[in-house]
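The values are calculated or read from the model by the stated rules, or taken from the named source; none is laboratory data. Only a predicted model underlies this, so the values are computations on that prediction, with no experimental measurement involved. Cβ placement follows ideal geometry from the backbone for every residue including glycine, while neighbour counts extend to all protein chains displayed. Ligands, DNA and RNA are stripped out before the accessible areas are found, and what is left, the full protein with its side chains, is counted by its heavy atoms. Shrake-Rupley method; radii C 1.70, N 1.55, O 1.52, S 1.80 Å.
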Amino acid sequence: MHELSIANSIINIVLDEIKTKNLGEVKAIGLKIGAISGIFPDALEFGFDAIKLETVLCKTKLEIEVIPIAGKCINCSKSFEVRELVFSCPHCQSTSIKMEQGEELDITYMEIAEELEVEDG
Amino acid sequence: MTTTIKLEKKVLSENDKLAAEIRDELTKNKVAALNFVSSPGSGKTSLLEKTLQALRSEMKIGMVAGDVQTENDAKRLISAGGEKIKPIVTGGSCHLDAKMVSKVLPEIDSSDLDLFIIENVGNLVCPSSYDLGEDMKVVLISVTEGDDKPLKYPSMFRRSSVMVINKIDMLELCDFSLETVKKNALQINGDLKIFELSCRTGEGLEEWYDWLKELVKGKREA
């Protein structure tokens with residue numbers, strides 16, 4: 001289960017962002033995970049929730065968007081979605097395809113709590 | 001109230017940066033580099049032992065052998081005549097990452113190599129996410145496993161350039177169809193180069209050695 005290592009990388013990147021940009025509480029971290037990235041979202045959340053407790057991200061949630069697999073045919077130039085793990089062009093049956101999406105493992109955003117200004121008196 | 005800060009960052013950017021440094025060093029030194037992946041017990045170490053015995057007189061081969069525990073695989077490769085073999089014991093981690101490889105690479109000295117092979121931890125899931133600076137991944141599968149493995153582990157077969165089917169001497173004893181495994185693998189990755197061999201009987205090994213020699217020659221002349 002390498003999702004624990006992945007969760008650790010996510011935490012390190014976000015802690016670094018907090019430090020360099022002097023950010024407040026991180027409510028959520030947005031992730032894009034490709035359907036053929038080899039990462040299982042449930043396992044990633046499980047790993048993240050286990051190791052976040054010892055950090056300032058102990059209340060942070062992951063918001064995961066799963067990206068379907070899509071490719072472009074090198075032969076006929078048409079784009080298509082890869083369904084049922086068939087990696088060939090549905091128009092001309094060529095197996096020479098370029099992956100366009102589905103392999104992502106990216107942090108796309110952070111949601112930061114805005115500090116409320118406390119008025120005196 | 002919250003504000004959203006956009007961030008386009010690859011989770012494995014640190015790993016990818018180190019992998020790019022490894023790739024630059026190997027390319028500069030004209031070393032062909034392979035990352036061997038498979039389930040535990042498919043025969044990665046056996047194939048590498050045979051490869052060392054057959055090719056060590058005509059090319060300089062360096063290897064790192066990753067294992068969760070023990071240095072047994074590295075010891076086997078040294079016994080097979082390997083001079084530049086380094087173990088990486090991950091101590092529980094299910095995959096190698098670029099940091100582990102870049103730590104041992106100086107001990108192997110890539111300026112004095114033709115071929116560098118990384119034997120990854122036996123696992124068809126986790127190593128697929130980590131670039132180690134290799135030219136290509138070689139995935140092994142043996143006939144004692146299921147012929148539907150490419151469909152079960154598509155990420156690994158999609159990211160590999162070569163598939164080696166090992167233990168073909170046992171085909172008659174197993175419900176494993178060569179035709180089915182090849183069909184499944186090519187469905188996931190139509191560009192896969194496929195070898196069928198048996199480390200035990202030696203069948204098919206010559207084609208594998210010839211391909212490795214061409215690979216090394218191509219890299220040297222690049």
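Looking at the protein assembly as shown alone, DSSP beta bridges between its own residues are antiparallel in about 35 percent of cases. Across the accessible surface of the protein assembly as shown, with the other protein chains kept in place and a 1.4 Å probe, carbon and sulfur atoms take up 48 percent. For the pair A:Lys78 and A:Tyr109, a Förster radius of 22 Å applied to the C-beta separation gives a FRET efficiency near 0.10, rounded to the nearest 0.05. Build a GNM of chain A with springs between Cα atoms under 10 Å apart, and of A:Lys32, A:Lys19, A:Lys59 the one that fluctuates most is A:Lys19. Backbone phi angles across region A:10-15, fed through the Karplus curve with coefficients 6.51, -1.76 and 1.60 (θ = phi - 60°), yield HN-Hα couplings of 4, 4, 4, 5, 5, 4 Hz in residue order; Gly and Pro are listed as x.
Per residue of A:104-114, other chain Cβ atoms within 10 Å of the residue Cβ number 5 on average.
The C-alpha radius of gyration of chain A, expressed as a fraction of 2.2 N^0.38 Å, stands at 1.41. The residues of the protein assembly as shown have, on average, 49 Å² of accessible surface per residue, using a 1.4 Å probe with all protein chains present.
Can you pull the percent of Cα pairs in region B:6-64 with separation above 15 Å? The proportion of pairs with Cα distances above 15 Å equals 66 percent.
Rounded to the nearest 0.05, the FRET efficiency derived from the C-beta distance between A:Gln93 and B:Asp210 at R0 = 30 Å is 0.45. In this assembly, the A-B interface accounts for approximately 2800 Å² of buried accessible surface in total, computed with a 1.4 Å probe and without ligands, DNA or RNA.
Think of each Lys and Arg Cβ as +1 and each Asp and Glu Cβ as -1; about the Cα centre, that makes the dipole of chain A roughly 840 debye.
With the convex hull drawn over the C-alpha atoms of the protein assembly as shown, the volume per residue is 160 Å³. Across peptide A:2-10, the average count of Cβ atoms from other chains found within 10 Å of a residue's Cβ is 5. Computed packing ranks the peptides B:60-66, A:48-54, B:171-177, B:72-78 as B:60-66, B:72-78, A:48-54, B:171-177, most packed first, by mean other Cβ atoms within 10 Å. Think of region B:75-160 as having a plus end and a minus end, set by charges on the Cβ of Lys, Arg, Asp and Glu; of B:Ile108, B:Ser155, B:Val139, B:Ser155 sits farthest toward the positive end of this dipole.
Of all beta bridges that DSSP places with both ends in chain A, some 65 percent have antiparallel geometry. According to the Cα-based calculation, Rg over Rh for chain B is 0.99, with Rh computed by the Kirkwood formula.
Rounded to the nearest 20, the Cβ-based charge dipole of region B:14-221 about its Cα centre (Lys and Arg +1, Asp and Glu -1) stands at 240 debye.
Under 18 Å of direct C-alpha separation, and excluding same-chain neighbours fewer than eight residues apart, B:Lys6 reaches these aspartates and glutamates: A:Asp16, A:Glu17, A:Glu25, A:Glu63, A:Glu65, A:Glu104, A:Asp106, A:Glu111, A:Glu114. Along the axis of the charge dipole computed for chain A (Cβ charges of +1 for Lys and Arg, -1 for Asp and Glu, origin at the Cα centre), the listed residues A:Ser79, A:Ile39, A:Cys92 are led at the positive end by A:Cys92.
Of the cross-linked pairs A:Lys61/B:Lys152; A:Lys72/B:Lys183; B:Lys103/B:Lys193; B:Lys50/B:Lys217; A:Lys72/B:Lys10, those separated by over 25 Å at the C-alpha level are A:Lys61/B:Lys152; B:Lys103/B:Lys193.
About the centre of its Cα atoms, region B:1-107 shows a dipole size close to 140 debye [charges on the beta carbon of Lys, Arg (+1) and Asp, Glu (-1) only; nearest 20 debye].
Note on B:Lys9 and B:Leu173: with the Förster distance fixed at 45 Å, the Cβ-Cβ geometry gives a FRET efficiency of about 0.35.
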